[in-house]
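Worksheet: one structure, shown below.
Since every read-out is calculated from the coordinates, none of them should be taken as a lab result. Just so it is clear, the structure is predicted and the values come from calculations on it, not from any experiment. Methodologically, a virtual Cβ is constructed for each residue, glycine included, from the backbone with ideal geometry; neighbour enumeration extends over all protein chains shown.
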Amino acid sequence: MAQQPQERLDRINELARKDKEFGLTEAEVAERKALREAFLKDFRAGFREQLETTAFYTKAGKEVTPEKVREIQRKRGLRED
């Protein structure tokens with residue numbers, strides 16, 4: 001069963017505390033590695049999603065969204081220009 005992001009983070013922190021106090025078994029080290037990789041994968045996906053849906057403007061109000069991001073937004077139907 002897949003863990004929710006907060007459950008995953010809580011388990012990572014629990015393993016970190018245990019590692020500082022007692023050390024971890026090989027199974028726990030492997031679990032921690034897998035949890036960290038899953039956390040980073042989700043974080044990167046969320047960050048990418050946020051960037052790809054953001055438009056950037058100067059103080060004067062001129063849009064300066066990078067062309068690469070504009071293309072992604074067009075492909076996703078977020079832009080009509």
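Using the Cα gyration tensor of the chain, with a ≥ b ≥ c the square roots of its eigenvalues, what is the shape: rounded (a/c below 1.5), prolate (a/b larger than b/c) or oblate (neither)?
Taking the square roots of the gyration eigenvalues as a ≥ b ≥ c, the chain is prolate.
For a quick check, take a GNM of the chain with Cα springs below 10 Å and name the residue from Gly23, Gly61, Gly46 with the largest mean-square fluctuation.
So, out of Gly23, Gly61, Gly46, the one fluctuating most is Gly61.
Could you tell me the calculated FRET efficiency between Glu26 and Gln3, based on Cβ-Cβ distance and R0 = 25 angstrom, to the nearest 0.05?
Once the sixth-power term is evaluated, E becomes 0.75.
So which trypsin sites (Lys or Arg not before Pro) in the range 51-80 end up in coil per DSSP with only 13 or fewer other C-beta atoms within 10 Å? Please list the in-between numbers first.
Values: sites: Lys59, Lys62, Lys68, Arg70, Arg74, Lys75, Arg76, Arg79; in loops: Lys59, Lys62, Arg76, Arg79.
Filter output for the range 51-80: Lys59, Lys62, Arg76.
Relative to the longest principal axis of the chain, what angle (0 to 90°, nearest 10) does the C-alpha long axis of helix 26-52 take?
For helix 26-52, the angle is close to 10 degrees.
Would you mind working out the magnitude of the charge dipole of the range 5-75 relative to its Cα centre, with +1 at each Lys and Arg C-beta and -1 at each Asp and Glu C-beta, to the nearest 20 Debye? Please report the intermediate quantities before stating the final value.
Numbers: 17 positive and 15 negative charges, 91 e Å.
Dipole of the range 5-75, to the nearest 20 debye: 440 debye.
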